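This report refers to the structure that appears directly beneath it.
Here, each number is a calculation from the coordinates, and none is a lab measurement. Note that the structure is predicted; figures quoted are calculated from it, not measured. Cβ: placed from backbone, ideal geometry, glycine included. Neighbour counts: every protein chain shown.
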Amino acid sequence: MTKNKKYLLFVFVMVLLIPFTVSAAKGHVYIVYSVIGDVYKINGGTKSKLSACTQLEAAQNVQIPKGCAVTLLDRESNKMYSSCKIGTNTVSNLVESVANPKSLSSQYMGYIVKLLFEQKKSKDIHPNAYMQSTATSYRSATNNDSTFLNAVLKSIRSSFNSNYEQTLRGKGTVLSTSYNVNFDIISCVTGMPVAGRISGGESCYFRIRNKSNTPLYCNVLNIDSLSNKSLLLPIDSAMTCSNLIVPSDGEVDFKSEPFVFSTAKSLETFLLLATEEPVNFSVLLVKKYEIINSNKSEMPVGIFRKFVYSE
């Protein structure tokens, strides 16, 4: 074969490969699993708010402001990527910046994607309404409500009062934690952290920090002076806790979920609970806490507590 013929053959083969090369670089698609705050998709000089269920190619530019986060699903590798990397980056750069993506089974990946698109038009629901969720029924073989509640109660490392509720809100109670997590309560009025006391009726939101090396599902339990309990972050309509994911080494502001302090004088206890897997947080709303079947396997739980006087 002459040099000219070899050259023409090489050019012909390269022309044939170009569409496949472009497709491989451009065509890898990620599904937006959840968005916390206002994250944007950038197209040229315009930007639009990103929402769950959106499909993004690897070359797509995404802008994440401070305090916001996005979680992406890769169905090809069955991995979940959570990031709050501030600034504008391509999706591929965001994915590469996640040091420890979460691996999912192909069955669970298919399950949560199916729920995500089925519930696209639904809204988040209050924690009191999701005691029995489809996501919980899926997890029942490996994780159950009593295991989670047991882990929270077993975190108590000091003297026990008359009941678990009083012990958890006791200022002298020492609690252990499996993950390095903490939070601030931010005033919606001043934008500053609340420091110990606040006027009744003031609106606030949570700034949650996850300093561990894995993404965590987080919620905050409030116990007032009368041991009344409430969960302060809602669950997504698909009941997978996807809207509660805080990326590893990340800080997220839950501005879209403000709460209001009671006008009655009270010492309010706030407990941040964080787990590696989605759990039925509403088990924390049971009337009376008690450890059930303590021989069951342990579940690691991150815990951080704050006290605020509402006056």
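Worth a mention:
- Annotation: extensible slack from Ala195 through Ser297 equals 32.9 nm (criterion: 0.36 nm per residue apart, minus Cα-Cα distance).
- Cross-link table Lys66/Lys265; Lys49/Lys306; Lys114/Lys211; Lys229/Lys255, entries beyond 28 Å C-alpha to C-alpha: Lys66/Lys265; Lys49/Lys306; Lys114/Lys211
- Normalised contact order of segment 27-118, rounded percent, pairs of Cα under 8 Å and 6 or more residues apart: 27 percent
- Calculated FRET value between Cys53 and Val174, using beta carbons and R₀ = 41 Å, to 0.05: 0.40
- Cβ-Cβ distance of Ser103 and Lys265, R₀ of 41 Å, FRET efficiency by 1/(1 + (r/R0)^6): the value works out to about 0.25.
- The simple spin-label model puts a point 7 Å past each Cα toward its Cβ; for Ser77 and Asp38 those points are separated by 3.2 nm.
- Between Lys255 and Tyr309, residue separation times 0.36 nm minus the direct Cα-Cα distance comes to 17.3 nm.
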